[in-house]
Amino acid sequence: MTITKKIQLDTNGNCDIIDITQQISNEIEGSNLETGIVTVFVAGSTAGVTTIEYESGLIADIKLFFENIAPQSIHYNHNIRWNDGNGHAHIRASILGPSITIPFTQKSLMLGTWQQIILIDFDNRPRSRQVILQLIGD
């Protein structure tokens, strides 16, 4: 069986990192599936999804990492074409990727002890983001 759910989030942009683990867990627990996989996909080309240990030091490190590999202040052709100043956000999101797939059993995500699911919004302004979940299982 396949179930599609959506989570709506308001973000601050500028590498805003949001722990979405509990919202995803709630959707799994509320489904009639015991075992399966959940694909977590963010709609949009300036945000991404991954897992981390969600703690302040690592959050700061991730923000610094993305600023080092795709600095906001350098020239991006995208910014000239659209004049929206978010070329860096598109590059960062393409590196991270828009989705991940995680197994669950007994209605519980099979994450490591210190592993949470996060959304990172790289855009240069606050956004309303839609996270699409597809649960497949029994």
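Here is a yes/no grid of residues against (1) of a type outside the set (A, V, I, L, M); (2) more than 28 Å from residue 79 (Cβ to Cβ); (3) touching a Gly at 6+ places or on another chain (Cβ under 8 Å):
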site: 4; (1), (2), (3): yes, yes, no
site: 7; (1), (2), (3): no, yes, no
site: 10; (1), (2), (3): yes, no, no
site: 17; (1), (2), (3): no, no, no
site: 28; (1), (2), (3): no, yes, no
site: 32; (1), (2), (3): yes, yes, no
site: 36; (1), (2), (3): yes, yes, yes
site: 42; (1), (2), (3): no, no, yes
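Note on region 1-47: residues that are β-branched (Val, Ile, Thr), surrounded by fewer than 17 Cβ atoms within 10 Å (Cβ to Cβ) and in a strand (DSSP E or B) amount to 4. If you filter region 76-104 down to residues that are among the polar types (S, T, N, Q) and surrounded by fewer than 13 Cβ atoms within 10 Å (Cβ to Cβ), you find that the one that is modelled with the highest pLDDT is 101.
The rows are residues; the columns are (1) touching a helix residue (DSSP H, G or I) at 6+ places or on another chain (Cβ under 9 Å); (2) without any contact (Cβ under 8 Å) to a residue 24 or more places away in the chain.
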{"position": "84", "(1), (2)": "yes, no"}
{"position": "90", "(1), (2)": "yes, no"}
{"position": "95", "(1), (2)": "yes, no"}
{"position": "100", "(1), (2)": "no, no"}
{"position": "109", "(1), (2)": "yes, no"}
{"position": "113", "(1), (2)": "no, yes"}
{"position": "120", "(1), (2)": "yes, no"}
{"position": "124", "(1), (2)": "yes, no"}
{"position": "133", "(1), (2)": "yes, no"}
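The values are calculated or read from the model by the stated rules, or taken from the named source; none is laboratory data. Values in this document were obtained by computation on a predicted structure and should not be read as measured data. Methodologically, a virtual Cβ is constructed for each residue, glycine included, from the backbone with ideal geometry; neighbour enumeration extends over all protein chains shown.
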